[in-house]
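Working notes, beginning with the structure itself.
The values are calculated or read from the model by the stated rules, or taken from the named source; none is laboratory data. What you see is a predicted model, and the numbers here were worked out from it, not measured in a lab. A quick note on method: Cβ atoms are made from the backbone with ideal geometry, for glycine too, and the neighbour counts reach across all protein chains shown.
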Amino acid sequence: MHQPAFSAPLLYPGKIVVTINDLIAMFIGEDIPFISRQYFGRWMPLTHKRADHIIAISEHTKKDVISLLKIPENKITVIHLAANENFKPERDKNKLDKIKKKFYTGDHFFLHIGTITPRKNLEFIVRAFSDLAKNENDCKLVIAGKKGWFYEKLNEIVEKLGLVNHVIFTGYITEEEKILLYNASIALVFPSIYEGFGFPPLEAMNCGAPVIASHASSIPEVVGEAGILLDPNDQYAWAQAMKQVMTLGSLRKKMISDGFKQAKKFSWKKTAEKTVRVYEQVYKVER
């Protein structure tokens, strides 16, 4: 049995492989409902110790599993995920113009993709963007994704900083809209504090959008040297990086090129092949 979502039945008599995406519930409880925290905190460690082998989706998750769950390293294999093949450059100018009109983005905007929760560090990026917006009046920050429970507080901060006309909350968006926003943006800004893998940077690179991201948790594994990786607490550095990517065409061009190369390192074919090898390993042990 392969359980791709954290846990597995303790009484199952056969071999079990479990995929662990992250241990966010054990690090950042405020992002997780109380019942889920109880489940992850008590039940999850038991099922992981019962598993014959564990697949971690990043080296960082593997380290967390070893450290927090006390699982032996030889029982863990790192297998990275990949982006949907639909995430690619869009050359149809009409489609790009339509998405910009739909969300009132204008021609110059930075993009963040993800549900609005504290670990996404959005209050920080709004404040960093405010430094940039003082001198770049036509630039906007688009925050696309579900309006999580932190939305109200974040919106209050936007209002206090006088950024109502510069920060756009789209709410939930479709995959097609997400792809078009990546393609139309100046760059993706991704200041997250903790990610098990982090799909947005990979999706952005596949679409040809430069990536400015935090050097926290698993994010450097995904971005590599293709993007700008920064301290998720250094507001000045983020404001400067956004300004450079926006104004230096040569830098942006290089980041786009490097991003395509980095993105090619990840594919579902590789993920599937490595997963099959884990199955074979577990089966051979049984035999």
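Considering Glu203, Glu195, Glu221, Glu225, the condition of being of a type in the set (D, E, K, R) and closer than 17 Å to Val142 by Cβ is satisfied by Glu203 alone. Among the residues of region 203-241, write down those that are buried (at least 23 other Cβ atoms within 10 Å of the Cβ), more than 20 Å from Pro118 (Cα to Cα) and either of a type in the set (Lys, Arg) or in contact (Cβ under 8 Å) with a residue 40 or more places away in the chain (or both). Hits for region 203-241 are Glu203, Ala204, Met205, Asn206, Cys207, Ala209, Pro210, Val211, Val222. A single member of Glu136, Glu152 is out of contact with any His (no Cβ under 8 Å at 6 or more places or on another chain) and surrounded by fewer than 21 Cβ atoms within 10 Å (Cβ to Cβ), and it is Glu152. Would you pick out the residues in region 119-149 that are in a loop (DSSP other than H, G, I, E, B) and at pLDDT 95 or above? Across region 119-149, the qualifying residues are Asn121, Cys139, Gly145.
Counting only helices (runs of 4 or more DSSP H) that sit completely within region 13-69, those holding 3 or more residues that are modelled with pLDDT of 75 or more and over 20 Å from Glu195 (Cα atoms) correspond to 44-50. Just one of the listed residues (Asp258, Asp231) is among the acidic types (Asp, Glu) and within 25 Å of Ala133 (Cβ to Cβ), namely Asp231. For region 95-112, a residue qualifies if it is part of a helix (DSSP H, G or I) and of a type in the set (Asp, Glu), and exactly one does: Asp97. Note on region 166-179: residues that are touching a Lys or Arg at 6+ places or on another chain (Cβ under 8 Å) and either closer than 25 Å to Asp131 by Cβ or surrounded by 22 or more Cβ atoms within 10 Å (Cβ to Cβ) (or both) total 5. If only residues of region 253-283 that are in a helix (DSSP H, G or I) and among the polar types (S, T, N, Q) are counted, the one that is farthest from Ala209 (Cα to Cα) is Gln281.
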